[in-house]
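For reference, the structure is listed below as structure tokens.
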């Protein structure tokens, strides 16, 4: 990636870089990307920067406006974007993008902007570096976890080096501390869900995207429930085919299905009402906001490693310390049954998870790192924060492949299932390589 253009440097240095005009290009729905974009924007506004949010109004608009962020709703309108960029003249545009090629009105209008143009930085959501136009225009790329950064380099067949991190870094999605537990609210929600006082509730929170779901959680619950009949599972917004399978009883009793919600207070109460988070996305997580939120709420977490896709869950979840990283469905079931019958371990792992995620993704720290990036692209020096983050990322990347298979089961516990997971990983990798070869 190229470094900031000289004209941008001259303009930003003249303003002193103490207070910047920042435009945020993002959607505004209920997903993790939108949540992070709004938290970053609000955090920068609290520090005295002038922040405009270019996305439409949505469930998080009120929070933005309370922090002095202007919500303009012009993200997808090229004409309005061009007029905004010409008149408002932001110092930096911060776009939140998947990392692969997609329609982007910013790219459409960029050539028409007179110099000095704003610096363009991106938060890369999925660890993909497949946006050729972005490669020419973006001056700094941010990954949302060390795992996602390591995966991005691996997908390109590149070795991460200090030089390669001059214009790339990691800024975690910020995770706010959970509200203090409210026993009355917990009891009321469990009663509304028809969860008995002595039943153990596992939850799987997500959105309807088919690439994020398999039936692994349902299968694990069915196996675990044979040992622990008081175990229940709540699925939030699974795809239609999984919901139909649950309704038809293919995975046995004890499973609830609820729609996704923009009632964030209700969702926080759900975390408090639950006992365990179980999460096994088909393609893994580039960060895993629902995992992080569950950890912040004090829930132990069971995940499945996905080396063939995104795999930030193995970064968030320290195996055997705050939860379990499994390689197979039977192991997920075994660990779920164990946690269902061990309240002290659930509490201990939950406390450890809360401490870890609030240390790893502290909002104030991550906004400070983001601010350091903004200052760098506006003509400043990288500074110690970005240097330290580069050092940490290099160390993590060297051990990432080993971490992906540092799972809670030995080969001898479920040998066939463990071998099956390895074969599935090999198959998915071969398919991805074949797809790249065909595309050439």
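Values quoted throughout were computed directly from the atomic coordinates according to the rules given, and no laboratory measurement underlies them. Owing to the predicted nature of the structure, the values given are computational and were not obtained by experimental measurement. Here the Cβ positions follow ideal geometry from the backbone for every residue, glycine too, while neighbour counts run over all protein chains shown.
Size estimate for the range 158-238 follows the Kirkwood approach: the inverse of mean 1/r over distinct Cα pairs works out to 16.7 Å. By other beta-carbon atoms within 10 Å, ranking 30, 322 with the fewest at the front produces 30, 322.
Hey, with R₀ at 35 Å, roughly what FRET efficiency would residue 113 and residue 319 work out to, going by the Cβ-Cβ distance, to 0.05?
0.10
Hey, how much of the P(r) for the range 183-360 falls beyond 19 Å, as a percent of Cα pairs? Considering the range 183-360, 53 percent of its Cα-Cα pairs are separated by more than 19 Å.
Taking other Cβ atoms within 10 Å as a rough exposure proxy, 405, 349 sort from fewest to most as 405, 349.
Using only Cα atoms, figure out Rg for the range 123-170 and give it as a multiple of 2.2 N^0.38 Å. The range 123-170 yields a ratio of 1.03.
Any chance you could tell me what percent of the C-alpha pair distances in the range 250-330 go past 15 Å? Above the 15 Å cut-off, the range 250-330 has 59 percent of its Cα pairs. Maximal additional length on extending the residue 77-residue 431 stretch stands at 123.7 nm, based on 0.36 nm per residue less the C-alpha distance. Normalised by the number of residues in the range 183-360, the average gap of Cα pairs under 8 Å and 6 or more apart makes the relative contact order 24 percent. Each label was represented as a point 7 Å from its Cα along the Cα-to-Cβ direction; for residue 211 and residue 266 these points are 2.8 nm apart. If a spin label sat at a point 7 angstrom from the Cα of residue 416 along the line to its beta carbon, the backbone N atoms of the range 316-355 nearer than 13 Å would be those of 330.
Taking 20 Å as the cut-off, the amide N atoms of the range 105-122 that come nearer than this to a point 7 Å along the Cα-to-beta-carbon line of residue 130 belong to 105, 107, 122.
Let's test the formula: R0 of 45 Å, r as the Cβ-Cβ distance of residue 161 and residue 87. What FRET efficiency results, to the nearest 0.05? Taking R0 as 45 Å, the efficiency between residue 161 and residue 87 is 0.65.
Residue separation of residue 180 and residue 258 scaled by 0.36 nm, minus their Cα-Cα distance, works out to 25.7 nm of gained length. The modelled label-to-label distance between residue 248 and residue 188, using points 7 Å beyond Cα along the C-beta direction, is 3.9 nm. If you bin all the Cα-Cα distances of the chain at 10 Å, starting from zero, the percentages per bin are 4, 21, 30, 25, 15, 5, 1.
Legend: ranking of residues 264, 287 from fewest to most surrounding C-beta atoms inside 10 Å; resulting order 264, 287. Taking a point 7 Å out from the Cα of residue 47 in the direction of its Cβ, the residues of the range 71-92 whose backbone N falls within less than 16 Å of it are 91-92.
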